[in-house]
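What follows draws every value from the coordinates through simple rules; no lab data is involved. All figures in this text were calculated on a predicted structure; none of them were measured in a lab. We place every Cβ from the backbone using ideal geometry, glycine too, and count neighbours over all the protein chains shown.
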Amino acid sequence: MFTKETYVSRRNRLKKQVGSGLIVLLGNEQSSMNYKDNWYHFRQDSTFLYFFGIDRAGLVAVIDVEANAEVIFGEELTPDDIVWMGPQKSIREQASEIGVGLTKPLATLDSYFQHALAKKREIHFLPPYRPENLLKLSSWLQTAPASIKSMASVPLIKAVVAQRSIKTPEEVAEIEKGINTTVEMQIAAATLARAGMTEAELAGQLQSIAIKGGGNLAFPTILTVNGQILHNHYSPTVLQEGQLVLVDCGAASATHYSGDLTRTFPVSSSFSAKQKEMYAVMMTAYEQAVAMLKPGVKYKDVHLQACTQLAEGLKHLGLMKGDAQEAVAQGAHALFFPCGLGHMLGLDTHDMEDLGEEYVGYAEDQTKSTQFGLKSLRLARALEPGFVLTVEPGLYFNPDLIELWSAEKVHADFINYEQVAGYKDFGGIRIEEDFLITPEGSRVLGNPLPRNMEEFRQFAR
Ligand code: GLY
Ligand code: MN
Ligand code: MN
């Protein structure tokens, strides 16, 4: 939690920017896993946390901009709840801690909105990503569920994105707490991994570090010897000598700010010659991308530069051919790098993704490409001081995709399929660091974590 003044000033700025109407911000509810009372780990909505800071299920906040009034709706605990949950602060007490003087029962929301609709008040809300919140909005606004998302308020989305995109020093400090725990997780992975262990065994150890750090995992850990599959989490697969382990993990701080780091290291004490060459290609792309980070530079250009460098390196290894820039313009490199270079980081790992990439990652004059690879770039806009983002180049050898492209001779002018065939079982590698954009350039966030993974693995294990 930040100070009361922080939350008050964030809301004042929001009111000023939205200008008129009612702003409705929905907190999250508990979510049942397999029967009603067996819940998933609770995660409050990030925008609700940003403006109200209350980490509690089942709340709705309404800000009446014209009346300059703020109300938190929720149900206070009953004696029955206290039996199961022990004593808790009241909603009234929690609201007062963040500068909101008025709380009301949830049951009064129906008539509140009926009144607002009768008066034809403008009602601003964000696109809901949880079905129960979508259904609540549908009922309050007397509109079919299918129409709700398209009615989300663009002025509200833009006002929230404008504030949450620029991290204050106190937010950067929280992000660094998440990253520092993530660094500990990465060190543990590189220290503990041994041939004969399962991916799941190692991933379990990392989660205990995240919990010990005061928060929890910010997203399900990706820990795999099949790093070529981008969202392969972990499985009972046994680590074997000669394989590469890709670890992409993130701890959240106690206040829910996320870290997000990736390292790839050999199960054996050193990389094979092939692995070492490929790692060097990725690192050159990483270094070139990092050198470009400064205000005013479009992240799309950083992405394209990294792609071009990856293509140059692959050309050097004989896997690609022709002009690297032209290969990237046509999307040929996407066989090996089918995703974006990075994304905003903050309360969410993919920060504000629920609000829409067109507002978070793209300027009004930028449209998202539909080209394979580039269509997955989440962040393209010009960088500003205060942005926190990831840089995460990788090289992925997905045998199914290689077969598909090879059979159809896709971009055959740029890809040496005969050579690529020898890499079908290579797997995938990625490196990922988190950066703050400063007025002068950028700063890598968190405690240092080695990037020379062969040296580090030999030292650590
Ligand atoms: N861990 C998710 C990502 O790196 O985007
Ligand atoms: Mn990331
Ligand atoms: Mn990651």
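Side notes on the structure shown:
- Under 5 Å from the amide H of M197 lie the amide H atoms of L239, each residue being 5 or more positions distant or on a separate chain, with H modelled from the backbone and absent for Pro and chain starts.
- The three principal axes of the Cα atoms in the stretch 72-211 give end-to-end lengths of 67, 41, 34 Å, sorted in falling order.
- Summed over all non-identical Cα pairs, the Kirkwood treatment of the stretch 93-154 gives a radius of 13.1 Å.
- Each residue of the stretch 381-390 was assigned a 3J(HN,Hα) from its phi angle through the Karplus expression (A = 6.51, B = -1.76, C = 1.60, θ = phi - 60°), giving 6, 5, 6, 10, x, x, 5, 10, 8, 9 Hz with x at Gly and Pro.
- Close amide H contacts of D45 (hydrogens built in the peptide plane, cut-off under 5 Å, sequence separation of 5 or more or a different chain): N28.
- Loop trypsin sites (Lys or Arg not before Pro), the stretch 110-202 (other Cβ atoms within 10 Å of the site Cβ: 13 or fewer; DSSP): K119, K120, R194
- Only Cα pairs under 8 Å and 6+ residues apart enter the sum, and on that basis the relative contact order of the stretch 314-424 stands at 38 percent.
- Summed residue charge, Cβ within 13 Å of V290's Cβ, Lys/Arg positive, Asp/Glu negative: -2
- Cut-off 13 Å (backbone N to label point 7 Å along Cα→Cβ of R13), residues of the stretch 50-65: 50-51
- Separation between Cα centres of the stretch 170-190 and the stretch 78-107, rounded to whole Å: 32
- The stretch 17-148 - percent relative contact order, Cα under 8 Å, separation 6 or more: 25
- Rg [Å, one decimal], Dmax [Å, integer] - the stretch 253-344, C-alpha atoms: 15.2, 50
- Net charge dipole size for the stretch 1-60 [Lys, Arg +1 and Asp, Glu -1 on Cβ; Debye, nearest 20]: 340
- Computing Rg and the Kirkwood Rh from the Cα coordinates of the stretch 305-451 gives a ratio, Rg/Rh, of 1.00.
- Taking N as its residue count, the alpha carbon Rg of the stretch 384-461 over 2.2 N^0.38 Å: 1.59
- Mean-position separation - Cα centroids, the stretch 120-157 and the stretch 417-457, in angstrom: 40
- A Cα-only calculation for the stretch 329-372 places Rg and Dmax at 12.4, 35 Å.
- Sequence-distant residues sharing a close amide H with N216 (under 5 Å, placed H): A252
- Projecting the Cα positions of T191, G242, A146 onto the charge dipole of the stretch 145-295 (unit charges on Cβ atoms of Lys, Arg, Asp and Glu, taken about the Cα centre) puts A146 furthest along the positive direction.
- In loop segments of the stretch 33-132 as defined by DSSP, the chymotrypsin sites (Phe, Trp or Tyr not before Pro) with at most 10 further C-beta atoms inside 10 Å of their C-beta are Y35, Y40.
- Shape summary: the stretch 131-290 maps onto an equivalent ellipsoid whose semi-axes, from the alpha-carbon gyration tensor, are 37, 19, 18 Å in decreasing order.
- Shape analysis of the stretch 1-151 places it in the oblate category; the axes a ≥ b ≥ c from the Cα gyration tensor give an a/c of at least 1.5, with a/b not above b/c.
- A Förster radius of 56 Å, combined with the Cβ-Cβ distance separating A118 from S235, puts the computed FRET efficiency at roughly 0.50.
- Potential extension, S96-M33 segment - 0.36 nm per residue separation minus Cα distance: 19.4 nm
- Loop-located GluC sites (Glu not before Pro) across the stretch 30-84 with a Cβ neighbour count of 15 or fewer within 10 Å are E66, E75, E76, with loop assigned by DSSP.
- More than 12 Å apart - percent of Cα-Cα pairs taken over the stretch 20-61: 59
- The residues M33, M292, M185, when put in order of fewest to most other Cβ atoms within 10 Å, stand as M33, M292, M185.
- About its Cα centre, the dipole of the chain is roughly 580 debye, where the only charges are +1 on Lys and Arg Cβ and -1 on Asp and Glu Cβ.
- Note on the chain: dipole from Cβ charges, positive end direction compared against F397, T168, L377; the farthest Cα belongs to T168.
- For the stretch 208-262: span of alpha carbons on each principal axis (Å, largest first): 38, 19, 15
- The magnitude of the dipole of the stretch 289-406, with charges of +1 and -1 set on the Cβ of Lys/Arg and Asp/Glu and taken from the Cα centre, is near 380 debye.
- Each label point was placed 7 Å from the Cα along the Cα-to-Cβ direction; for K409 and Q207 their separation is 4.9 nm.
- Under the span-like rule (Cα at least 27 Å along the axis, Kyte-Doolittle mean at least -1.0), DSSP H helices of the chain: 169-192, 273-292
- The stretch 201-250 and the stretch 282-343: distance between their alpha carbon centers, rounded to Å: 26
- Each Cα pair under 8 Å and six or more residues apart adds its separation to the average, and for the chain the resulting relative contact order is 14 percent.
- Remark: the chain projects, on average over all directions, an area of 23.6 nm² (convex hull of Cα atoms).
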